[in-house]
Amino acid sequence: MKRLIQTIKNIFKIEELRKRIGYTVLLLLVYRLGSFIVLPGIDSTMIANMQDFSQEGLVGLLNMFSGGAFGNASIFALGVMPYISASIVIQLLGVFVPYFKKLQMEGESGRRKMNQLTRYLTIVILCIQGPAYMAALHNQIPEEAFIAIYRLGWSSFLFNIVSTVILIGGTMFVMWLGERITDRGIGNGISLIIMVGIIARLPYALVAEIGEKASSSAAGGLLMLVVELIILFFVFVAAIALVQGVRKVPVQYAKRVVGNKQYGGVRQYIPMKINAAGVMPIIFAQALMLFPLIFSNFEATRGFAATMSNYTGFWYNLVFFFFVVIFTFFYTAVTVNPTMMAEDMKKNGGFIPGVKPGKKTVEYLDSIMSRVTLPGSIFLGLIAILPAFAMLLGVNNQFASFYGGTSLLILVGVVLDTLQQIESHLLMRHYDGLMKTGRLKGRSGM
């Protein structure tokens with residue numbers, strides 16, 4: 001305990017780190033305040049039906065990601081999920097379209113162009129999701145709640161257009177907040193915004209679960225709550241193990257003599273992470289699972305949308321599990337480049353014992369990464385669909401969401417990643433890290 005207090009003091013001794021943490025907290029507070037600002041022209045006291053509607057299934061998950069902004073009919077109601085969806089599309093194009101492949105190879109300038117294209121695509125997605133959200137509002141709250149229409153005489157079409165523009169502006173502002181946090185704060189801004197939204201819903205979910213178990217007619221209601229919390233603890237531990245698990249590949253460096261000094265001759269290790277993709281496969285897969293909501297207003301596709309929006313249904317969880325596995329391999333292939341790793345080893349006089357340098361090393365690293373990623377992706381997919389099993393066993397819908405990858409792994413991954421960045425600042429200035437033994441291993445361990 002004494003060491004923890006000293007570490008916290010060390011954090012605030014570093015002026016740059018102190019400013020970065022303060023800047024991050026300030027922008028996150030701005031985001032949280034914005035999630036309670038209701039769309040102009042809507043009576044905030046009459047959206048109780050929307051709150052009930054936004055607690056179920058995929059809509060409830062979207063509400064959790066937005067920190068309750070979806071159910072509040074807030075200017076930030078659509079959150080950052082349209083941006084995540086656009087990022088998925090752009091990254092997929094980077095694999096299959098030559099123009100986007102070229103942009104990926106252009107370094108910083110190419111990255112800026114791809115970010116700009118992602119923003120444009122986000123606006124296109126928002127132009128689709130904004131009217132869909134307004135249609136949901138009209139279906140879920142009484143007409144009297146629309147003050148601009150009921151009292152001021154606006155046409156429904158004009159009100160929906162103005163509200164859609166506000167929703168687009170709200171999401172673009174949230175994206176701007178995330179980029180500022182990434183550039184001038186601590187941690188990844190978009191991930192932190194999602195995490196804060198999830199944490200904001202945790203107290204409501206826990207209170208709802210406690211109330212349900214306390215009022216249960218069954219004799220062991222409160223005992224079941226204790227069992228649920230114990231299971232949640234072990235799932236949390238498993239999530240940490242998944243995020244931090246690695247397989248070490250030995251690399252031997254040959255001896256070199258330059259002048260009177262000797263270099264190399266030591267053995268080091270390349271950490272092959274079980275889950276090198278971090279929480280991104282969960283976020284990507286969840287964004288894709290929200291697409292069927294777009295088709296819920298069309299008669300021909302309403303059955304398909306209902307099937308793919310059933311949070312506890314077989315087909316939803318099967319497709320979700322499949323997406324998580326696929327995106328784990330995809331994102332690992334994007335972020336981990338065996339060819340570059342082999343070239344770096346060769347330049348520095350390193351080699352893997354028993355493996356020839358060059359093409360053989362690339363093939364060896366690729367095979368190791370594939371064998372490590374396969375069980376990691378399956379485990380990640382199983383954790384992602386755990387909430388469905390929890391709900392089938394009687395856990396409250398809101399609280400069950402914290403048993404799975406869409407919330408738990410995001411919390412674990414983002415927290416570890418942020419703590420790793422804080423520890424890097426401490427160690428760089430010769431202070432003790434946050435852990436007594438070893439260093440924290442976040443998502444950026446490669």
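The values are calculated or read from the model by the stated rules, or taken from the named source; none is laboratory data. The shown structure was predicted, so the numbers you read here are calculated from the model rather than taken from an experiment. Glycine gets a Cβ as well: all are built from the backbone with ideal geometry, and neighbour counts include every protein chain shown. To get the accessible areas, we keep the full protein, side chains included, count just its heavy atoms, and leave off ligands, DNA and RNA. Shrake-Rupley method; radii C 1.70, N 1.55, O 1.52, S 1.80 Å.
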(request) Would you please list the contacts, defined by Cβ atoms under 6 Å and residues six or more apart or on different chains, that run from a residue in segment 193-209 that is charged (D, E, K, R) to a residue that is buried (at least 16 other Cβ atoms within 10 Å of the Cβ) and at pLDDT below 85? (result) 201/64; 209/396; 209/399
(message) Here is a list: 197, 187, 211, 178. Which entry is under 30 Å from residue 29 (Cβ atoms) and in a loop (DSSP other than H, G, I, E, B)?
(response) 187
(request) Report, ordered by the first and then the second residue, all pairs with beta carbons closer than 8 Å, sequence separation of six or more or different chains, a first member in segment 23-38 that is closer than 18 Å to residue 179 by Cβ and part of a helix (DSSP H, G or I), and a second member that is at pLDDT 90 or above and open to solvent by 60 Å² or more (accessible area, probe 1.4 Å). (result) 34/173
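With segment 308-401 as the region, which helices (runs of 4 or more DSSP H) entirely inside it contain at least 3 residues that are in contact with a helix residue (DSSP H, G or I) (Cβ under 8 Å, 6 or more places away or on another chain) and over 30 Å from residue 223 (Cβ atoms)? Don't jump to the end; show me each part of the working.
Values: elements: 314-335, 338-347, 359-384, 386-392, 397-400.
It comes to 314-335, 338-347, 359-384.
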(request) Select from segment 181-190 the residues that are under 18 Å from residue 81 (Cα atoms) and open to solvent by 10 Å² or more (accessible area, probe 1.4 Å) and list them in ascending order. (result) 182, 188, 190
(message) Being open to solvent by 30 Å² or more (accessible area, probe 1.4 Å) and either acidic (Asp, Glu) or closer than 26 Å to residue 273 by Cα (or both) is the filter here; which residues of segment 372-410 pass it?
(response) 374, 375, 378, 379, 382, 386
(request) Examine segment 150-160 for a residue that is in contact with a Phe, Trp or Tyr (Cβ under 7 Å, 6 or more places away or on another chain), modelled with pLDDT of 85 or more and open to solvent by less than 10 Å² (accessible area, probe 1.4 Å), and state whether such a residue exists. (result) yes
(message) Suppose we keep only residues that are of a type in the set (D, E, K, R) and either within 30 Å of residue 135 (Cα to Cα) or in contact with a helix residue (DSSP H, G or I) (Cβ under 9 Å, 6 or more places away or on another chain) (or both) within segment 15-38. Which one would you say is most open to solvent (accessible area, probe 1.4 Å)?
(response) 19
(message) For segment 191-203, give me the residue count where each residue is open to solvent by less than 50 Å² (accessible area, probe 1.4 Å) and farther than 13 Å from residue 35 by Cβ.
(response) 3
(message) Can you say whether residue 350 is at pLDDT 75 or above and at positive phi, as far as the supplied structure shows?
(response) no
(message) Just the residues that are of a type in the set (Gly, Ala, Ser) and either at pLDDT below 70 or open to solvent by less than 40 Å² (accessible area, probe 1.4 Å) (or both), please, taken from segment 291-313.
(response) 296, 300, 305, 309, 313
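Could you look through segment 39-66, keep only residues that are modelled with pLDDT of 85 or more and buried (at least 18 other Cβ atoms within 10 Å of the Cβ), and pick out the one that is nearest to residue 168 (Cα to Cα)?
39
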